[in-house]
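Please read the structure below before turning to the comments.
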Amino acid sequence: MTPDEFRRHGHAVVDWIADYQSRIEWFPVLSQVKPGQIRASLPPNPPMHGEPFDALLKDIEKLILPGVTHWQSPNFFAYFPSNASGPGILGDLLSSGLGVQGMLWSTSPACTELETHVLDWLVSMLGLPEKFLSSNTGGGVIQDTASSAALCALLAARERATNYTSNEKGCDGRIVAYASTQTHSSVEKAAMIAGLGVENLRLIEVDANFAMLPDALARQIEVDKLAGLVPSLVCATVGTTSSNAMDPIPAIGEICRQHHLWLHVDAAMSGTSALCPEFRHLQDGVELADSYNFNPHKWMFTNLDCSCFWVADRKALIKTLSILPEYLRNQATESGAVIDYRDWHIQLGRRFRSLKLWFVIRHYGVEGLQHHIRRHVELAQQFAGWVRSDKNFELAAPAPLNLVCFRHKGGDAINQNIMDRINRSGDLFLTHTKLNGKMTLRLCVGQTNTQARHVEKAWRRITEEAQAASA
Ligand SMILES: Cc1ncc(COP(=O)(O)O)c(C=O)c1O
């Protein structure tokens, strides 16, 4: 493809995306295809000869769109948002256009330095402790996902707890870590991959609001220490996936300090709310964290993947993950004056992901971002108010931000029925969880273009389907 052909097709693709954005509201939010349907519509063999680009774009419309669940629809209220935006998409396109592989500072200095700079900006934008700044003992890095960030935190914690011997010797079955019963499953996966073993991840009980009980944590650590085990890390969550519960970081952090354990704070979705000073109290105690992670690819208008991870002591992370083969040696690395981000995560190769984040922050400005986050919270709170005042429904958990957990009082079957009917209709997309053993519906407001009318429609459709399901 010559640059001129690229220009022509590129314009067509951008036009297609802009058209998609204008008509997205009218697609069924949850794809309605059956398993195997998309593959059945694709040719069994790859083409022997290249095809005209126009044909590819036509097939996006004809073959692919029916199998897309529209995460960018303003009627998407399921799971958690994965909200994209114009500046984010264009920044990502530029990243592809430059095609940089930023494993080392020297393989593209701008890729490293822009990332360090934007992550330092975010420390002040989110009111995070200054120890996370690159000018201090810490620093931030963009990971692909919160799952990878949790794994890196656990690896560094494992190393620190074993006096940096576990990388050499392997795990001996004595290293333990702690999370709550509500912690995201990625921490369990991290315990598997890091060689602790799932049995050595202690899932601590939670209180009536689904937040970790610090006393239970302290007791478990004592028991483990008495048994000769080696506690390494505690993961506290700001906004659990199921119900948006907030673990009490000050108390958990104090326990970690006493026992010299690594405190990782997972604020995957809800961390974005800290852009607004009035929500920062939800992560009080974050100054006690050894590492912190939030996903701009969830709620901060930056398309997947973009997960920001900070550590208070970058030396501990680098010592854990750095290997320097001869073919990567270079003067800049040897001078010690640069960051080589390959030492800050699992993989070697890395995209120029900070471009999209930089574009998002510059396009919206801090005030613009705050405006949208406040609006999402306000809409979710309005929805929670309607639930509270309807005699047939109840809230199933506190709703501190943009996620509302609620249920029809008629029991599991009717809730399942309401959700299935709504999702089949394509008008909106809701998902569920189980809280205290009961089927619970979740409505999460966070798509970039969700407005009052979408949330109003969601409530109208829920109550209509509730009536139909109870009839
Ligand atoms: C609290 C929490 N942590 C971690 C994750 C995992 O996020 P990622 O897909 O970025 O690994 C999620 C996503 O559901 C989450 O809600």
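The values are calculated or read from the model by the stated rules, or taken from the named source; none is laboratory data. All of these numbers come straight from a predicted model, not from anything done at the bench. So basically every Cβ, Gly included, is an ideal-geometry build from the backbone, and we count neighbours across all protein chains shown. Calculation scope for accessible area: heavy atoms of the full protein, side chains included, ligands and nucleic acids excluded. Shrake-Rupley method; radii C 1.70, N 1.55, O 1.52, S 1.80 Å.
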With N residues in the stretch 272-426, Rg(alpha-carbon) / (2.2 N^0.38 Å) equals 1.47
Summing -39500 (n - 2.57) over every DSSP H run of at least 4 in the chain, dividing by its residue total and rounding to the nearest 500, the 222 nm mean residue ellipticity is -13500 deg cm²/dmol
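Roughly speaking, what % of Cα-Cα pairs in the stretch 130-261 are separated by over 20 Å, rounded to a whole number?
Values: 3951 of 8646 pairs.
Considering the stretch 130-261, 46 percent of its Cα-Cα pairs are separated by more than 20 Å.
Just the accessible area per residue of the stretch 1-140, please: how many Å² with a 1.4 Å probe? Before the final figure, lay out the partial values.
Details: 8000 Å² over 140 residues.
The answer is 57 Å² per residue.
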Of the accessible area of the chain, computed with a 1.4 Å probe and all protein chains kept, carbon and sulfur make up a percent value of 55
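At 0.36 nm per residue, minus the direct Cα-Cα distance, what do D4 and L226 gain on full extension? Give it in nm, one decimal, please. Don't jump to the answer; show the numbers that get you there.
On the way: separation 222, 0.36 × 222 = 79.92 nm, distance 7.01 nm.
Roughly 72.9 nm would be gained on extension.
So, R0 is 60 Å and r is the distance between the beta-carbons of L57 and Q258; what FRET efficiency does that work out to, to 0.05? Before the final figure, lay out each step's value.
On the way: r = 60 Å, r/R0 = 1.00.
So, using R0 = 60 Å, E works out to roughly 0.50.
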Non-local residues with an amide H under 5 Å from the amide H of F393, with H modelled 1.01 Å from N and Pro and chain starts lacking one, are K409
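Once the other residues with Cβ under 15 Å from the Cβ of N436 are scored (Lys, Arg +1; Asp, Glu -1), what is the net sum?
On the way: positive: R407, K409, K434, K438, R442; negative: E205, D207, E394, D412.
Computed value for this residue: +1.
Could you provide, to the nearest whole Å², the per residue accessible area of the stretch 316-457 with probe 1.4 Å? Show your work: numbers first, answer last.
Working: 6300 Å² over 142 residues.
Accessible surface, normalised per residue, equals 44 Å².
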Here, L65 and R453, labelled 7 Å along Cα→Cβ, have an inter-label distance in nm of 2.1
Here D for the chain, in µm²/s, from Stokes-Einstein with a Kirkwood Rh over Cα pairs at 37 °C and 0.692 mPa s, works out to 137
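At 1.4 Å probe size, put S273, S108 in order of accessible surface, largest to smallest. Provide the component values of the computation, followed by the final result.
On the way: S273 5, S108 25 Å².
From most exposed to least exposed: S108, S273.
Taking the Cβ-Cβ separation of E367 and M48 as r and a Förster radius of 56 Å, what is the calculated FRET efficiency to the nearest 0.05? The partial results should precede the final answer.
Details: r = 55 Å, r/R0 = 0.98.
So, using R0 = 56 Å, E works out to roughly 0.55.
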A chain fully extended from E394 to S106 at 0.36 nm per residue, minus the present Cα-Cα distance, gains in nm 98.0 nm
Unit-weight point scatterers at every alpha-carbon of the stretch 358-471, Debye formula, q = 0.12 1/Å: log10 I(q)/I(0) is -0.44
Under 13 Å by backbone N from the virtual spin label 7 Å along Cα-to-Cβ at R375, the residues of the stretch 432-458 are 446-455
Ignoring ligands and nucleic acids, D15 exposes an accessible area, probe 1.4 Å, in Å² to the nearest 10, of 90
Placing each pseudo-label 7 Å from Cα in the direction of the beta carbon, H281 and D19 end up separated by a distance in nanometres of 5.1
The correct pair for the stretch 267-353, radius of gyration to one decimal and Dmax as a whole number, both in Å and from Cα atoms, is 16.0, 50
SASA check, K434, accessible area w/ 1.4 Å probe, all protein chains in place, rounded to nearest 10 Å², comes out at 130
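Could you calculate the contour length gain from A208 to E130, that is, 0.36 nm times the residue separation minus the distance between their Cα atoms, to one decimal place in nm? Numbers along the way, then the final one.
On the way: separation 78, 0.36 × 78 = 28.08 nm, distance 3.34 nm.
Length gained between A208 and E130: 24.7 nm.
In the chain, what % of DSSP beta bridges are antiparallel (nearest 5)? Please report the intermediate quantities before stating the final value.
Details: 23 of 40 bridges.
Percentage antiparallel, nearest 5: 60.
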